[in-house]
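This report concerns only the one structure given below.
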């Protein structure tokens, strides 16, 4: 470990990166949900002579997944929280175990770190609240062939390609005095169909609910631990990896 002055010198820079990535991640989850969607739209003509020339007409690759975005975000979270914890721990002697469901996640956490974590977990909750989830009313299933944490819509989306064909019928037959009266119109006739397959890198509503539930439980545990804190001193402390592992995996 370095000296306290060295940690203080970098903690502001790490905090700036931490806030920036949280804001960017929150905006991505809220306003750029297309990043987590993919599709392939293909056209299948009905006429045999057209089949040899038609190919996939439109597709969009999956830019990323919510899990990958969270992992990227948590890199800055880990760096900043650990540095913050080390600075606070060096100046404080009060500490307590952080316990969730009877299991000690982190032992001997300084009280000032626990106090700071409360506000940081509140900010993190604002980000996680914006996580987009799978569209309701649609059946989704995990598609391991596309990678981890990617869902595929079970039913492809089908739409039809049409063209207008002229139609007519005789209203009155021709007579010696009058020509035949014929009504003419056009009708849309299906000549092919578009089949669109959809993939999504979002979380299911249940996954988001579990993630937020663990965050709430962790926040309550931090408050309780701060209240139990006793006199002690910790200088070398790394806690963020364990917090992230609990949020992402429940471990």
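The values are calculated or read from the model by the stated rules, or taken from the named source; none is laboratory data. No experiment lies behind these values; they were computed from the predicted model shown. Reconstructed Cβ throughout: ideal geometry from the backbone, glycine too, with neighbour counts over all protein chains shown.
If only one of 222, 235, 244 is surrounded by 15 or more Cβ atoms within 10 Å (Cβ to Cβ), modelled with pLDDT under 85 and in contact with a helix residue (DSSP H, G or I) (Cβ under 8 Å, 6 or more places away or on another chain), which one is it?
None of the others qualify; the one that does is 244.
Tell me, please, whether a residue that is surrounded by 12 or more Cβ atoms within 10 Å (Cβ to Cβ), in contact with a helix residue (DSSP H, G or I) (Cβ under 8 Å, 6 or more places away or on another chain), part of a helix (DSSP H, G or I) and free of Cβ contacts under 8 Å to residues at least 60 places away in the same chain can be found in the stretch 123-139.
no
Conditions tested, residue by residue: (1) over 30 Å from residue 47 (Cα atoms); (2) surrounded by 12 or more Cβ atoms within 10 Å (Cβ to Cβ).
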| site | (1), (2) |
| --- | --- |
| 147 | yes, yes |
| 156 | no, yes |
| 172 | yes, no |
| 184 | no, no |
| 195 | no, yes |
| 198 | no, yes |
| 201 | yes, yes |
| 204 | yes, yes |
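Hey, residue 166 hits all of (1) in contact (Cβ under 8 Å) with a residue 12 or more places away in the chain; (2) surrounded by fewer than 14 Cβ atoms within 10 Å (Cβ to Cβ); (3) touching a strand residue (DSSP E or B) at 6+ places or on another chain (Cβ under 8 Å); (4) under 29 Å from residue 62 (Cα atoms) but one; which does it fall short on?
Against the list (1) in contact (Cβ under 8 Å) with a residue 12 or more places away in the chain; (2) surrounded by fewer than 14 Cβ atoms within 10 Å (Cβ to Cβ); (3) touching a strand residue (DSSP E or B) at 6+ places or on another chain (Cβ under 8 Å); (4) under 29 Å from residue 62 (Cα atoms), residue 166 comes up short only on (4).
Confirm whether residue 97 is surrounded by fewer than 21 Cβ atoms within 10 Å (Cβ to Cβ), within 29 Å of residue 9 (Cα to Cα) and touching a helix residue (DSSP H, G or I) at 6+ places or on another chain (Cβ under 8 Å).
Yes, satisfied.
Being in a helix (DSSP H, G or I), out of contact with any strand residue (DSSP E or B) (no Cβ under 9 Å at 6 or more places or on another chain) and surrounded by fewer than 21 Cβ atoms within 10 Å (Cβ to Cβ) is true for just one of 72, 80. Which residue is that?
Step by step, each of 72, 80 is checked, and only 72 is in a helix (DSSP H, G or I), out of contact with any strand residue (DSSP E or B) (no Cβ under 9 Å at 6 or more places or on another chain) and surrounded by fewer than 21 Cβ atoms within 10 Å (Cβ to Cβ).
Within the stretch 104-114, can one find any residue that is more than 27 Å from the chain's Cα centre (by Cα), modelled with pLDDT of 90 or more, surrounded by fewer than 21 Cβ atoms within 10 Å (Cβ to Cβ) and under 16 Å from residue 228 (Cα atoms)?
The answer is yes, given that some residue of the stretch 104-114 is more than 27 Å from the chain's Cα centre (by Cα), modelled with pLDDT of 90 or more, surrounded by fewer than 21 Cβ atoms within 10 Å (Cβ to Cβ) and under 16 Å from residue 228 (Cα atoms).
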